[in-house]
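The values are calculated or read from the model by the stated rules, or taken from the named source; none is laboratory data. On a predicted model such as this, the values are computed, not experimentally measured, just so you know. Using ideal geometry, Cβ is built from the backbone for each residue, glycine included, and neighbour counts are taken over all protein chains shown. All accessible areas refer to the heavy atoms of the entire protein, side chains included, with ligands and DNA or RNA removed. Shrake-Rupley method; radii C 1.70, N 1.55, O 1.52, S 1.80 Å.
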Amino acid sequence: MKFPIYRPRRLRRNAMLRDLVRETALSPKDFIYPLFVCPGKDRADPVSSMPGVAQLSVDRVVKECREVQALGIPGVILFGIPEHKDPLGSEAYSESGVVQKAVREIKEKVPGLLVVTDVCLCEYTDHGHCGVVKGGEVDNDSTLELLAKEALSHALSGADIIAPSDMMDGRVGAIRKILDESGFKDVAIMAYAAKYASGFYGPFREAAESTPQFGDRLSYQMDPGNADEALREVELDIQEGADIVMVKPAMAFLDIVYRVKQKFGFPVAAYSVSGEYSMIKAAGKNGWIEEQRIVMEVLLCIKRAGADMILTYFAKEVARKLQGR
Ligand code: PBG
């Protein structure tokens, strides 16, 4: 390849040529849309740090799911905001929990839409940690039992994919085991495999009311300085039975997305998290950036890095744009 024989600009001359040679393109089928389920009826309480995002009661979640399906988005991921919190997060694994109710309703009223459920304790515990607290620390092994119970209750409600986000060691294996023993061998696991202790989760913690009441999550989520460790985490989760492995956050962690895809060739999910959404929304609102353009660019680049699917709060607006609406 040598100039002037090769002139890369030849294929950039017009939109048709560019369309013809574009290597990566976004589709509504790439997305999973996160929803926050709260108790009550006909409720939509806006999350102030995430414009366009609200905590929704089950009936409103169902309405939202119909819209998601009409836009060609294959699935949603549900987070629950319980009625009451306690030290063991008991609403996380209660048959009458908000997520369990929402899954049953969606499965009945919006058949065909994939329902992914986030499995974690932080939204359900009064201390806001992702596991059982013993002597001021998050105890790994006693947490596994509760996470397995939570996963099973989601599967019993009809969830298609279980997504553990707690970062306890061994949780994928514990969940696979209980699902298999209970007749749910076909329920898939999307493991938050390389989940970093990130400042980008700030707005989510308002949305899910899951801010830790003491300390931080550094003893269980990954150090942003580590990449080799992410590969070990992913390998562990695959060995324990993960069907899809997730990297989270996305935008500042694309090297991890790339390396995970290259090394394992497994389906990779990238979670473009709340802080990524809120930053773009805020700058867009101020007129500092072209919001729509940047959203498309960021999501496209996440896919180019190797993600097969993207969990994003932008899913609906991008799907609308892609459909030319
Ligand atoms: C629960 C969980 C978190 C997110 C997804 N699942 C928050 C956290 O770990 O503190 C973050 C998602 C987002 O920021 O959009 N453990």
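Here are some notes:
- Matching residues in the stretch 174-209 - criterion: being more than 16 Å from the ligand (Cβ to nearest atom) and either basic (Lys, Arg) or touching a Phe, Trp or Tyr at 6+ places or on another chain (Cβ under 7 Å) (or both): Arg176, Lys177, Lys185
- Just one residue in the set Lys149, Lys109, Lys101 is modelled with pLDDT of 95 or more, away from the ligand (no atom under 16 Å from the Cβ) and more than 18 Å from Ile77 (Cα to Cα); that residue is Lys149.
- Qualifying residues in the stretch 281-296 (those that are assigned to a helix (DSSP H, G or I) and loosely packed, with under 14 Cβ neighbours inside 10 Å) - the one nearest to the ligand (Cβ to nearest atom): Lys285
- Residue match in the stretch 244-252 (condition: more than 16 Å from the ligand (Cβ to nearest atom), more than 12 Å from Lys195 (Cα to Cα) and not acidic (Asp, Glu)): no
- First in the stretch 279-298 and within 18 Å of Glu23 (Cα to Cα), second anywhere and outside any loop (DSSP other than H, G, I, E, B) and open to solvent by 60 Å² or more (accessible area, probe 1.4 Å), Cβ under 7 Å, 6 or more apart: Val298/Met251
- Lone unmet requirement of (1) among the charged types (D, E, K, R); (2) under 17 Å from Ala194 (Cβ atoms); (3) within 17 Å of the chain's Cα centre (by Cα) for Arg232: (3)
- Put simply, of Gly324, Gly225 the only residue that is open to solvent by 50 Å² or more (accessible area, probe 1.4 Å) and modelled with pLDDT under 95 is Gly324.
- From Tyr192, Tyr258, residue being closer than 30 Å to Asp45 by Cα and aromatic (Phe, Trp, Tyr): Tyr192
- All told, Arg304 meets the bar of being open to solvent by 10 Å² or more (accessible area, probe 1.4 Å), away from the ligand (no atom under 16 Å from the Cβ) and either in contact with a helix residue (DSSP H, G or I) (Cβ under 9 Å, 6 or more places away or on another chain) or at pLDDT below 95 (or both).
- Qualifying residue in the stretch 214-222 (condition: open to solvent by 40 Å² or more (accessible area, probe 1.4 Å), free of Cβ contacts under 8 Å to residues at least 40 places away in the same chain and more than 11 Å from the ligand (Cβ to nearest atom)): yes
- Scan of the stretch 197-210 for residues that are among the aromatic types (Phe, Trp, Tyr) and either open to solvent by 20 Å² or more (accessible area, probe 1.4 Å) or more than 13 Å from the chain's Cα centre (by Cα) (or both), ordered by number: Phe200, Phe204
- Single condition Thr24 does not satisfy, out of (1) within 16 Å of the ligand (Cβ to nearest atom); (2) over 21 Å from the mean Cα position of the chain (by Cα); (3) among the polar types (S, T, N, Q): (1)
- Residue among Ser274, Ser278 that is within 13 Å of the ligand (Cβ to nearest atom), open to solvent by 10 Å² or more (accessible area, probe 1.4 Å) and polar (S, T, N, Q): Ser278
- Exactly one residue out of Glu123, Glu145, Glu150 is in contact (Cβ under 8 Å) with a residue 24 or more places away in the chain and assigned to a loop (DSSP other than H, G, I, E, B), and it is Glu123.
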